[in-house]
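First comes the structure, then the notes that go with it.
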Amino acid sequence: MSGESTVTIGLLLPDVLGTYSDAGNATILAQRLRWRGIPAEIRTITACDVPVTTCAVYLLGGGEDTAQQFAADWLRRHDQLRRALETSAVTLAVCAGLQILGRSMSDASGHHYPGLDLLDITTAPGRQRAVGEVIATCTVPGIGSLTGFENHRGVTTLGPGTAPLGRVITGTGNGTSEGTTRYRTEGVFTDRIIGTYLHGPVLARNPALADHILHKVTGQVMPALDLPDQAALRHTYLSHTYLGRNYLGHTYLQGRFSRCS
Ligand code: GLN
């Protein structure tokens, strides 16, 4: 794949939404492109920058409520960037990043504030924080199981025409069910935006999701990569031994299932 044009990856506000190392998603995308001989460039866009609006893909990470409100205000102030997310780029948004792309959010103190209105979702605080490992079945064909960890209070309700990214097997995810079905949903999936509650970084744990994004961005089928270490790590994250081990002094699997029943 020589002679390819450079794929630009816009890493948005890692200085604000950087709590969970979601910036690693940029490294994953860039490296998986380079391994296929496609040049990639990460453009880091901090709160002090005038954002570049021509990136092929943008990444937003997770963070605390105050940081999240700042990020929502910042994005609203940069309308050209908002338009790029709406009309030209592919975006991966994680947790707080997902929430701020929706219609509105409220925090634990009841403060209600608007989102970017790019997704038909609303977020309100749940009764307790959702903390721990998640496994979900991805709704996008060919991706299979999604693994990651979650740490959020927000519960996200999807509008009637909005598709989830996954169906939760263990964990909380959005904390809501889709329509009349009884299963819990995870994240959001539209033509341009993939939203998820999964940290990890999510693309390190789920390379098929990374390649799905790269396929959307480049229009090319991504050839398979032979990475045994990555396959072994993924096997570990999806195993019951990993889910069931003691977590912060509790038997994690037991705690998780009782909370979700
Ligand atoms: N502050 C948000 C919440 O608790 C998002 C947290 C996060 O990004 N991990 O719901």
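For R192, indicate whether it is modelled with pLDDT of 95 or more, among the charged types (D, E, K, R) and open to solvent by 40 Å² or more (accessible area, probe 1.4 Å). Criteria met by R192. Scanning segment 117-132 for residues that are of a type outside the set (S, T, N, Q) and surrounded by fewer than 20 Cβ atoms within 10 Å (Cβ to Cβ) yields D117, D120, A124, P125, G126, R127, R129, V131.
For segment 54-71, which positions are open to solvent by 50 Å² or more (accessible area, probe 1.4 Å) and of a type outside the set (D, E, K, R)?
Within segment 54-71, T54, T66, F70 meet the criteria.
Among the candidates L227, L253, L243, L198, which residue alone is in contact with a Leu (Cβ under 7 Å, 6 or more places away or on another chain) and at pLDDT 90 or above?
Details: L227 fails: in contact with a Leu (Cβ under 7 Å, 6 or more places away or on another chain); L253 fails: at pLDDT 90 or above; L243 fails: at pLDDT 90 or above.
Checking each option against the conditions leaves just L198.
Restricting segment 195-234 to residues that are under 20 Å from T6 (Cα atoms) and among the β-branched types (V, I, T) leaves a set whose member that is surrounded by the most Cβ atoms within 10 Å (Cβ to Cβ) is I213. Give the residues of segment 13-42 that are among the hydrophobic types (A, V, I, L, M, F, W, C), touching a helix residue (DSSP H, G or I) at 6+ places or on another chain (Cβ under 8 Å), open to solvent by less than 20 Å² (accessible area, probe 1.4 Å) and not in a loop (DSSP other than H, G, I, E, B), sorted by residue number. Hits for segment 13-42 are L29, L33, A40.
Within segment 72-86, the set of residues being without any contact (Cβ under 8 Å) to a residue 60 or more places away in the chain and open to solvent by 10 Å² or more (accessible area, probe 1.4 Å) comprises D73, R76, R77, H78, D79, Q80, R82, R83. Here the helices (runs of 4 or more DSSP H) wholly within segment 56-166 that include at least 1 residues being within 16 Å of the ligand (Cβ to nearest atom) and polar (S, T, N, Q) are 65-77, 96-100. For segment 167-189, the set of residues classified as hydroxyl-bearing (S, T, Y), in a strand (DSSP E or B) and either crowded, with 24+ Cβ neighbours inside 10 Å or within 16 Å of the ligand (Cβ to nearest atom) (or both) consists of T185 only. What are the residue pairs meeting all of these: first residue in segment 37-59, first residue farther than 14 Å from Q80 by Cα and at pLDDT below 95, second residue of a type in the set (S, T, N, Q) and not in a strand (DSSP E or B), Cβ atoms under 7 Å, and 6 or more apart or on different chains? If the second residue must be of a type in the set (S, T, N, Q) and not in a strand (DSSP E or B), no pairs are left.
The values are calculated or read from the model by the stated rules, or taken from the named source; none is laboratory data. Note that this is a predicted model, so its numbers are computed, not measured. Here Cβ is always computed from backbone atoms with ideal geometry, including for glycine, and neighbour counts include all displayed protein chains. Ligands, DNA and RNA are stripped out before the accessible areas are found, and what is left, the full protein with its side chains, is counted by its heavy atoms. Shrake-Rupley method; radii C 1.70, N 1.55, O 1.52, S 1.80 Å.
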